[in-house]
Structures are given as structure tokens and as C-alpha cells.
Amino acid sequence: MSEHNTAQSSDPQPVVGILGAGRAGTAFARTLLAAGVGVDICSTRPPKALQHHLTIYAPGANPVRPEEIAVRTRQQGPGMVILAIPQEELDEVEPEWIGDSTLVDATNTWTYAGEREPLPGWLDAAVTEQLPSSMAIAGHFSPARTVKALNHIAHSEFDDAAGRDLPMTQRRALAVATDDDQARGLVMGLLVRMGFDPVSLGPLAAGRVMEPDGPLFNRPLQREDLLPYAR
Ligand SMILES: NC(=O)c1ccc[n+]([C@@H]2O[C@H](COP(=O)([O-])OP(=O)(O)OC[C@H]3O[C@@H](n4cnc5c(N)ncnc54)[C@H](OP(=O)(O)O)[C@@H]3O)[C@@H](O)[C@H]2O)c1
């Protein structure tokens, strides 16, 4: 066996946790699994009940209980968890489950028929002040290293938009905003592996333009479209 093969076979498969196994969470899981990344995923359902859903929507993803979401990813280093549950459910997630892992905030604040989804008080106050929701999420889940990413692309476009075989210049660009440079590097590396062209917008506050009323939301973007928003 060559030295290269030996090194590969001894590398553990990276694992990412995903909180939420709905439309967004399973789309992220499918793309991660296709890119050779292991996925632990949870929902409100116990793992055994979730398994059937995953067989259909994210075959190969490993169902876990919410409190176990970061266990395997943290065995490999700092760990990474993607937040893909509705914001109104965020008080059900205990920050200590995530610890100081990288937390990819893929959530959005939704308004239905002119009414905002009912939010936890700490988040409602920030959103009412028109602050980026990810800034309140970063405070609530501290010491997790929050990165705003993956929220501005629709689940229905995700599988086709991931272009692992495409050169970077032809890939769909996705924005990343965070105050933590180490976490920024990890998330940008993961997005490259998934088949996207990640563009850093700078600090977490810059992620405001990624939200549902912002100019980057649900638009098929290339790197040039994102660069004017980078700080
Ligand atoms: N849909 C999109 O295109 C898209 C794209 C990017 C980002 N987002 C954002 O991602 C978030 C989720 O959206 P979605 O469309 O995926 O919603 P969804 O289809 O309704 O799925 C929500 C998932 O979260 C799970 N969940 C709810 N409360 C939970 C809790 N307390 N603990 C563990 N899991 C819990 C649900 O569990 P059960 O399955 O057991 O009910 C379900 O699997 C939203 O903030 C949304 O804005 C959505």
C-alpha cells in the first residue's frame, strides 16, 4: 500500500452533527454524505423512529438524540454542528450539548401572513431591534463559535447546486459570516468539500444581508455577486 493510501485509511471520516432532520437538515445531510462526511442528525423523534425518515430522505445519516448531537464530532477535535430547526424551537436546545464547537447557524426568522414566528424572548428582542438573528444566537449558545451560513439557499435547490466536480469559478457561491476566524476556515473548507464556492462576508453582523429580507436570500449567486457585501 502506498504512503498516500496508508495516510488516507488511518484518517477518521469527519463527522458533522445536524440539529433538525426536516427539509433543510436532510438536504445538508445528503450533500455531506455524498462528499464523504459522516452525519449525526436528530429531530424531535427518538432515533429509532427517525431512522425510517432518514432511509428515505438522507440514507446513511446516523440518527441520534438531540443531547448526543455533538458527541461524535467532538471526538475528532473542536466539532461542528449545523443548526437547522425552526427558530421558535431554539429554547429546546441546551447550549452545553454543543459546547465550544463550531455552530453553523442555518436558521431564518420566518414571517407568515405578516406575523413573525413566535420566538424565544432573547431572540425576539434582537430581531425586534433589527439585529442579525445570528448575533443573538451566538450570544445564547456561547461558547460555541457561531458562523452564519447555509441559510440563504433553498433546500429544493441544494442537491443540484452542489457542484463537487465543477471548477470553483463555475460553482454556486455561498456566504459565510462570523467573528471567529478558526471557525470561518473550518466552515469554508466544508463548503468547498460539499461543492460550493464559499465567500467570507466578514463579521457575524455582516450576515444580515443573508436573511430573508436581504439581497442574497434565495438567489443563485456567483463569487462576484457576493464580494460587494464583504466587509
Ligand atoms: N427549508 C429550506 O429551504 C431552508 C433552507 C435553509 C435554511 N432553512 C432554515 O432551517 C430551519 C429549519 O427549516 P426546515 O425548512 O428544515 O424546517 P422543517 O422542514 O419544518 O424541519 C424542522 C426540523 O427540526 C426538527 N425539530 C424541531 N424542534 C426540534 C427540537 N426541539 N429538537 C430537535 N429537532 C427539532 C423537526 O423535528 P421533527 O421532524 O421530529 O418534527 C424537523 O426535523 C429554519 O430556520 C429555516 O428558515 C430552511
Of the residues in segment 43-61, those that are open to solvent by 60 Å² or more (accessible area, probe 1.4 Å) and not aliphatic (A, V, I, L, M) come to T44, R45, P46, K48, Q51, H52, T55, Y57, P59, G60
Whichever residue in segment 97-141 is part of a helix (DSSP H, G or I) and among the small types (G, A, S) and, among such residues, is nearest to the ligand (Cβ to nearest atom)
S133
Note down all Cβ pairs under 9 Å where the first residue falls in segment 6-27 and is at positive phi and more than 7 Å from the ligand (Cβ to nearest atom), the second is of a type in the set (D, E) and modelled with pLDDT under 90, and they're at least six residues apart or on different chains.
none
Counted residues, segment 190-231 - those being of a type in the set (K, R) and not in a loop (DSSP other than H, G, I, E, B):
3
I'd like to check something: does segment 63-82 contain any residue that is surrounded by 20 or more Cβ atoms within 10 Å (Cβ to Cβ) and near the ligand (Cβ under 8 Å from one of its atoms)?
no
Meets criteria (within 13 Å of I153 (Cβ to Cβ) and in contact with a Lys or Arg (Cβ under 7 Å, 6 or more places away or on another chain)) for P220:
yes
Could you grab the pairs with beta carbons closer than 6 Å, sequence gap of 6+ or different chains, first residue in segment 83-96 and outside any loop (DSSP other than H, G, I, E, B), second one among the charged types (D, E, K, R)?
L83/D105; E88/E117
All-but-one check, V176 against (1) under 15 Å from S134 (Cβ atoms); (2) part of a loop (DSSP other than H, G, I, E, B), failing number (2)
Single residue of segment 152-182 satisfying the filter (among the hydrophobic types (A, V, I, L, M, F, W, C) and surrounded by fewer than 16 Cβ atoms within 10 Å (Cβ to Cβ)) that is nearest to N108 (Cα to Cα):
A154
Inside segment 83-96, the number of residues satisfying the requirement of being touching a helix residue (DSSP H, G or I) at 6+ places or on another chain (Cβ under 8 Å), among the charged types (D, E, K, R) and near the ligand (Cβ under 6 Å from one of its atoms) is 1
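So that you can scan it fast, the table gives a plain yes or no per residue for (1) touching a residue at least 60 places away in the same chain (Cβ under 8 Å); (2) in contact with a strand residue (DSSP E or B) (Cβ under 9 Å, 6 or more places away or on another chain); (3) not aromatic (F, W, Y):
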position: Q130; (1), (2), (3): no, no, yes
position: P143; (1), (2), (3): no, no, yes
position: T146; (1), (2), (3): no, yes, yes
position: H152; (1), (2), (3): yes, yes, yes
position: A173; (1), (2), (3): no, yes, yes
position: T178; (1), (2), (3): no, yes, yes
position: Y229; (1), (2), (3): no, yes, no
Could we say that A35 is more than 18 Å from S101 (Cα to Cα), away from the ligand (no atom under 12 Å from the Cβ) and aliphatic (A, V, I, L, M) here?
yes
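The values are calculated or read from the model by the stated rules, or taken from the named source; none is laboratory data. Keep in mind it's a predicted model, so treat the numbers as computed, not measured. Here the Cβ is made from the backbone with ideal geometry for all residues, glycine too, and neighbour counts use every protein chain on show. Areas reflect the complete protein model, heavy atoms only, side chains present, ligands, DNA and RNA absent. Shrake-Rupley method; radii C 1.70, N 1.55, O 1.52, S 1.80 Å.
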